[in-house]
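Chemist: Questions regarding the structure given below will be posed in turn.
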Amino acid sequence: MVLETIGLGIAGLGIIAASTRLIQQYETAIVFRLGKFHSTLGPGLNFIIPIIDRSVTVDMRILTIDIPRQQAITKDNVPVSINGVVYFKVADASKAIINVQDYVYAVSQYAQTALRDVVGGMTLDEVLAERQKIGEMIEQIVEKHAAKWGIEVDSIKMQDIEMPEDLKRIMSRQASAEREKRANITKSEGDKLAARNLADAAKIMTETSGAMQLRTLQTIDGLGPTPSNTVILVPVDLFEGIKNIGNLLKKK
């Protein structure tokens, strides 16, 4: 009698354990009854019928999967290697379980295919400059198909873009040449401005009586006192020469 009671107790505990499902706050469980979809279970303690019912638990949080490095050819026939990451979540647990065998693998495969297609339709310059746009275009393609599986794509980000080493060296030389070109243009513009200012100053001095002589005396005075008695001789012809330059500028 005692053994029978113990046996019944163990059997009862087994039935309770088999019929109890504890669902976490971030999960949803799908219940199949005799092989057919029956219901969904929310967070908390839930019960199913042992043997008749089978449950599958789905994580509803945002998941991340890496897009493995893909080899692609750009629109202008340049080989590149790109990888990225996909952020997505299950929006409909029943579709994610019923409509596709492995939704994580399916999303990954679609993202890889879409990445190659998108890069193939862009030039190298566009690929390097528009990473965000590439991610958005891939997201639109993946989400269109993933919606049938109850999947909602949050975002897709591109990470590293690699090019052949010889192409990197060519681009580096081009960038260096462009920087040198801009520096030369800036220097040339500065030289032009300095020459223009010098010509304007000479013109003003020749137009103003005594301006050149006064400026020369100020310069001499600015030399400061020296221990020796140095005499600085300034030829008058110098003033006449500068005056003539000013007259020529006035005629122009």
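Chemist: Within the group Arg61, Arg54, which residue is of a type outside the set (Asp, Glu), at pLDDT 90 or above, part of a loop (DSSP other than H, G, I, E, B) and in contact with a Phe, Trp or Tyr (Cβ under 9 Å, 6 or more places away or on another chain)?
Modeler: Arg61
Chemist: Follow-up. Tell me which residues, restricted to region 1-38, are at pLDDT below 70, of a type outside the set (A, V, I, L, M, F, W, C) and closer than 22 Å to Asp53 by Cβ.
Modeler: Gly12, Gly14
Chemist: Looking only at region 117-134, decide whether some residue is assigned by TED's automatic domain parsing to the domain that holds Pro79, touching a strand residue (DSSP E or B) at 6+ places or on another chain (Cβ under 8 Å) and outside any helix (DSSP H, G or I).
Modeler: Within region 117-134, not a single residue is assigned by TED's automatic domain parsing to the domain that holds Pro79, touching a strand residue (DSSP E or B) at 6+ places or on another chain (Cβ under 8 Å) and outside any helix (DSSP H, G or I).
Chemist: Here is a further query. Looking at region 61-81, which of the residues that are among the polar types (S, T, N, Q) and free of Cβ contacts under 8 Å to residues at least 60 places away in the same chain is farthest from Gln109 (Cα to Cα)?
Modeler: Checked region 61-81; the qualifying residue farthest from Gln109 (Cα to Cα) is Asn77.
The values are calculated or read from the model by the stated rules, or taken from the named source; none is laboratory data. Remember, predicted model here, so these are calculated numbers, not experimental data. Don't worry about glycine lacking a Cβ; one is built from the backbone with ideal geometry, like all the others, and counts go over all protein chains shown.
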